[in-house]
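Worksheet for the structure shown next.
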Amino acid sequence: MKRILICLCFILAAVSCGRQEKELKERALELCNYIPDHVLKPEAEDFMTPEFFKTLSEAWDAPDIDFDGPGYGEWLFYFVTGNGGGKPLYAVKSVTLKSKEEAHAVITVRIKDDLSEYVEPEEKAQEYGIVMKLVDGKWLLDDFDNKKAECIDYIKEQRAKCESGELLKQLESDEFYKAYVPNFKKRVEAYYQKYGK
């Protein structure tokens, strides 16, 4: 009888793990729709941890003059965000639950195998890491491909350039860009009002 109970416990645990893995995969695919690709959608806030959304928002708003900040790049490529057409061009390869105590899950996303017509061979082989965190009973996007750290570094860099006057000097030193100085000053002022010093 004891052996039967032990076997039942193992079976129930396996079924529970399988169900949780399926739920995490489905949630990961849903969250992929809110990974920014040129645009940080306002509705993404409901699908990200507050810290991650604030970090992305600040990075998106950080004043720049080179048009090379996070808002100008394609993060995880257009097909991961679903911006490339009707059906998503990505799939979940694996799910790793770090621990129940940490409430973190790491998801590996890749391009679907049957989509070679859309991507270059080297892109097809790429995999992307998505971190989800359990917050108030909901799995939310907490990072992807280490973009949180990249954004934090970018924010620090842009703030330093604003505070040193480097960006303003660059604009003022170019005849063509001089006309943008008043607009840039307004952007910097609005940025600091919104995110503080």
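The values are calculated or read from the model by the stated rules, or taken from the named source; none is laboratory data. Remember, predicted model here, so these are calculated numbers, not experimental data. Here the Cβ positions follow ideal geometry from the backbone for every residue, glycine too, while neighbour counts run over all protein chains shown.
Side notes on the structure shown:
- Scanning the stretch 140-172 for residues that are in contact with a Leu (Cβ under 7 Å, 6 or more places away or on another chain), of a type outside the set (A, V, I, L, M) and not in a helix (DSSP H, G or I) yields a total of 2.
- Identity of the residue in the stretch 59-103, within 15 Å of the chain's Cα centre (by Cα) and modelled with pLDDT of 75 or more, that ends up surrounded by the most Cβ atoms within 10 Å (Cβ to Cβ): A59
- Against the conditions (1) modelled with pLDDT of 70 or more; (2) over 12 Å from the mean Cα position of the chain (by Cα); (3) not aliphatic (A, V, I, L, M), F47 satisfies every one except (2).
- Scope the stretch 46-61; condition of a type in the set (D, E) and in contact (Cβ under 8 Å) with a residue 40 or more places away in the chain; matching residues: E51, E58, D61
- Residue within the stretch 124-139 that is on the phi > 0 side of the Ramachandran plot, loosely packed, with under 15 Cβ neighbours inside 10 Å and either at pLDDT 65 or above or part of a loop (DSSP other than H, G, I, E, B) (or both) present: yes
- Within the stretch 30-58, the residues that satisfy the criterion of being among the hydrophobic types (A, V, I, L, M, F, W, C) and under 16 Å from D142 (Cβ atoms) are L31, C32, I35, L40, A44, F47, M48, F52, F53, L56.
- Residue match in the stretch 177-189 (condition: out of contact with any Pro (no Cβ under 6 Å at 6 or more places or on another chain) and not in a helix (DSSP H, G or I)): no
- Residue match in the stretch 10-19 (condition: within 26 Å of K194 (Cβ to Cβ), charged (D, E, K, R) and either at pLDDT 80 or above or more than 17 Å from the chain's Cα centre (by Cα) (or both)): no
- Complete set of residues in the stretch 36-50 that are outside any loop (DSSP other than H, G, I, E, B), among the acidic types (D, E) and surrounded by 14 or more Cβ atoms within 10 Å (Cβ to Cβ): E45
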